[in-house]
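Q: First, the structure itself, so that you have it in front of you.
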Amino acid sequence: MITFQKRKGYMLLYICLVLPAFGLLAQTHYNLQKLITASENYLPVLKQKQALINSAKASVTDIRHSFLPQLNLSDQLNIGTDNSLAGTLLPIGINPSTSGGVRASGNMQLVGGNLGVLYGEYELVNFGLNTAKIKTAEAVVGLQKSDLEREKYLIQLQVSKLYFTALKTSYRLETDKQNEKRYDSIFTVIKALTLSGLRAGSDSSLAKAELSKARITYNQTLGNLNQIKEQLAYYTGVPASQLVIDHLASSFDNQLPLQINRIPDTTGNPLIEYYLRKKDIFLSNNNLIRKTYQPKILLAASTWARGSSIQYNDDYKSLGTGLGYQRLNYAVGIALTYNLFNGIYRKDKLTINHFETEASDFELQQERLALSTASLQADNVLLTTKANLAELPVQLKSAEDTYQQKLAQYKAGIISLIDLTNASFVLYRSQTDYIETLNDWYLAQLDKAVATGNLIQFIQTIK
């Protein structure tokens, strides 16, 4: 019969076996496309850019609504005196209006009054100002959209670089593990030869030191890989512990990767598009400035009702008499307004906008120059890495053959341990050189794709 202690022991053993399996199941393999998609769905900065687009679109609606007529309804009840003099006033400050009340002497008796007004005003003709305002607002929407696409593009670039760096480090980790196993095998062979008296004890100590060094290198590479995963976690929101990077189909297999040729797409490059849309704003603003300082033809209409406790014959009644409406009026008119100094204002604004447009042009030229230079530099790197990738498999095969020969010669007592460790080092260096060169090739292809506006197409080819 199974006792309680035994059942407890079986349960603990089951947990120890099953929990790691659940941990492995929780891990998801991520290729470059999955990492890009995760970053686009996670990063707050992209949601911020989208919110700015929505804000710019709302501004277009706001501007359209600003073209609606002004229609103001007001009503006021007043108690005050009615003393006035004939003459003209300029609209300086706030001048309370007194209607009538022109007499030989003043009268400080209080008067009650009521005034209700409905006033409407509409810019009947503004010579294209409304259209210019909408075009400028739409240009801002275009800029915000291009800013979002540029931000996505830069994030795709950064995630891609981290992905290739993670791949390189993963391959390096495999190489470090192989190097550790080689030195472990060497140490095992030397230990057996030492115990049999065929080799000196110093060989065993030296081999143990090399083995320890190989383990330290492996631990450092593992730490670097974990750091890179933390950076990817920042961009994707996927915990580093759950990030398992898919290796490329043409990974560390001594095969020359295929060349990816891309036609430059300078017009569709988000890094260029942003500056084009930025320039559009200045061009739209130039037209807006011209339209802003044009004359305006206004259509105005009003109706108003009024009451007063003073009768037509200057007879003062009770204050309540003025609370009701006693007279009704209306008026319709068309007005032309133009500030005679608008020509000076327009010239000043256009001059400012001219230099801003000119600066935008230079900014666009600088970006195109930078991308063109980056494309040429990527071509140079590709030429070098392509030539090296053709030679490195030969170097690697020779290093592997040499190591096996030296190991057999050491076992036979023909060479010293130094010769064997040198062969092991050459093999390790050949492997790491191949990994570095392969990574340089992919990064150069990445830089080329970014510079020519083909980043998305390049990402789709990485499987």
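Rule-based calculations on the coordinates, nothing more; no lab input. Because the structure is predicted, anything quoted here is derived from the model rather than measured. FYI the Cβ positions are ideal-geometry reconstructions off the backbone, even for glycines, and counts take in every protein chain you see.
Q: Any idea which of LEU77, GLN33, GLY106 is furthest toward the positive side of the dipole for the range 32-107, if Lys and Arg beta-carbons carry +1 and Asp and Glu beta-carbons -1?
A: Comparing the listed Cα positions along the dipole, GLN33 ranks first.
Q: Just how large is the dipole of the range 276-320 about the Cα centre, in debye to the nearest 20, putting +1 at every Lys and Arg Cβ and -1 at every Asp and Glu Cβ?
A: Numbers: 8 positive and 3 negative charges, 136 e Å.
The dipole magnitude comes to about 660 debye.
Q: Then there's this: If you put +1 on each Lys and Arg Cβ and -1 on each Asp and Glu Cβ, how big is the dipole of the range 330-421 around its Cα centre, in Debye rounded to 20? Please report the intermediate quantities before stating the final value.
A: Working: 8 positive and 11 negative charges, 24 e Å.
Using Cβ point charges on Lys, Arg, Asp and Glu, the range 330-421 gives about 120 debye.
Q: At a Förster radius of 56 Å, what calculated FRET efficiency corresponds to the Cβ-Cβ distance of LEU383 and LEU298, to the nearest 0.05? Mind dumping the intermediate values first?
A: Working: r = 69 Å, r/R0 = 1.24.
Efficiency, from the Cβ-Cβ distance: 0.20.
Q: Exceeding 19 Å between C-alpha atoms, which entries from my cross-link table qualify? They are LYS181/LYS411; LYS181/LYS386; LYS291/LYS349; LYS47/LYS448; LYS133/LYS291. Intermediate results must be reported in sequence, preceding the final value.
A: Values: LYS181/LYS411 17 Å; LYS181/LYS386 31 Å; LYS291/LYS349 12 Å; LYS47/LYS448 28 Å; LYS133/LYS291 9 Å.
From LYS181/LYS411; LYS181/LYS386; LYS291/LYS349; LYS47/LYS448; LYS133/LYS291, over 19 Å: LYS181/LYS386; LYS47/LYS448.
Q: Compute the FRET efficiency between ASN226 and ILE414 as 1/(1 + (r/R0)^6), taking r as their Cβ-Cβ distance and R0 = 45 Å, and round to the nearest 0.05. Write out the running numbers ahead of the final one.
A: Working: r = 43 Å, r/R0 = 0.95.
Given R0 = 45 Å and the Cβ-Cβ separation, E is 0.60.
Q: Expressed in nm to one decimal, what extension gain is obtained for the pair THR188 and ASN219 from 0.36 nm per residue of sequence separation less their Cα-Cα distance? It would help to have the intermediate numbers written out before the result.
A: Working: separation 31, 0.36 × 31 = 11.16 nm, distance 2.13 nm.
This chain segment gains 9.0 nm when fully extended.
Q: Continuing with the same structure: Calculate the dipole size of the chain relative to its Cα centre from +1 charges on Lys and Arg beta carbons and -1 charges on Asp and Glu beta carbons; express the result in debye to the nearest 20. Walk me through the intermediate numbers first.
A: On the way: 47 positive and 39 negative charges, 206 e Å.
Dipole about the Cα centre, nearest 20: 980 debye.
Q: What distance in nm separates the simple spin-label points at LEU364 and ALA390, each placed 7 Å from Cα in the Cβ direction?
A: 4.2
Q: What 222 nm value per residue comes from the helices of the chain, counting each DSSP H run with n ≥ 4 as -39,500 (n - 2.57) and dividing by all residues, nearest 500 deg cm²/dmol? Display every interim value, and only then the final one.
A: On the way: 9 runs with 296 residues, N = 463.
After summing the helix terms and dividing by the residues of the chain, the value is -23500 deg cm²/dmol.
Q: Multiply the residue gap between GLN33 and ILE456 by 0.36 nm, knock off their C-alpha separation, and tell me the result in nm, one decimal place.
A: Numbers: separation 423, 0.36 × 423 = 152.28 nm, distance 0.94 nm.
Result for the pair: 151.3 nm of gain on full extension.
Q: If you take the beta carbon distance between LEU46 and SER99 as r and set R0 to 51 Å, what does 1/(1 + (r/R0)^6) give as a FRET efficiency, to the nearest 0.05? Write out the running numbers ahead of the final one.
A: Numbers: r = 62 Å, r/R0 = 1.22.
Efficiency computed from Cβ-Cβ geometry: 0.25.
Q: Give the residue from LEU438, ALA240, ALA207 lying farthest towards the positive end of the charge dipole for the chain; charges sit on Cβ (+1 for Lys and Arg, -1 for Asp and Glu) and the dipole is referred to the Cα centre.
A: About the Cα centre, the residue reaching furthest to the positive side is ALA207.
Q: A further question follows. Run the paramagnetic zone check for GLU121: 7 angstrom along Cα to Cβ, then residues of the range 334-356 with backbone nitrogen under 18 Å.
A: 334-340
Q: Something else about it: Going toward the positive end of the dipole of the chain, with +1 on Lys and Arg Cβ and -1 on Asp and Glu Cβ, which of ASN388, ASN226, ALA139 do you reach last?
A: ASN226
Q: Just the number, please: percent antiparallel of the DSSP beta bridges in the chain, rounded to the nearest 5. Mind dumping the intermediate values first?
A: Numbers: 35 of 39 bridges.
If I count the DSSP bridges inside the chain, around 90 percent turn out antiparallel.
Q: Additional query: Sorting VAL189, VAL102, VAL450, VAL238 on the 10 Å Cβ count, fewest up front, what's the list?
A: Neighbour counts put them in this order, fewest first: VAL102, VAL189, VAL238, VAL450.
Q: Roughly what would the spin-label model give for ASN339 and SER212, points 7 Å off Cα along C-beta, in nm?
A: With each label point 7 Å from Cα toward Cβ, the separation is 8.3 nm.
Q: Simple spin-label model, 7 Å along Cα-to-Cβ: LEU90 to TYR330 in nm?
A: 3.7
Q: Here's a follow-up. Ranking ARG150, ARG172, ARG429 by Cβ neighbours within 10 Å, fewest first, what do you get? Show your work: numbers first, answer last.
A: Values: ARG150 19, ARG172 23, ARG429 13.
Fewest to most other Cβ atoms nearby, the residues stand as ARG429, ARG150, ARG172.
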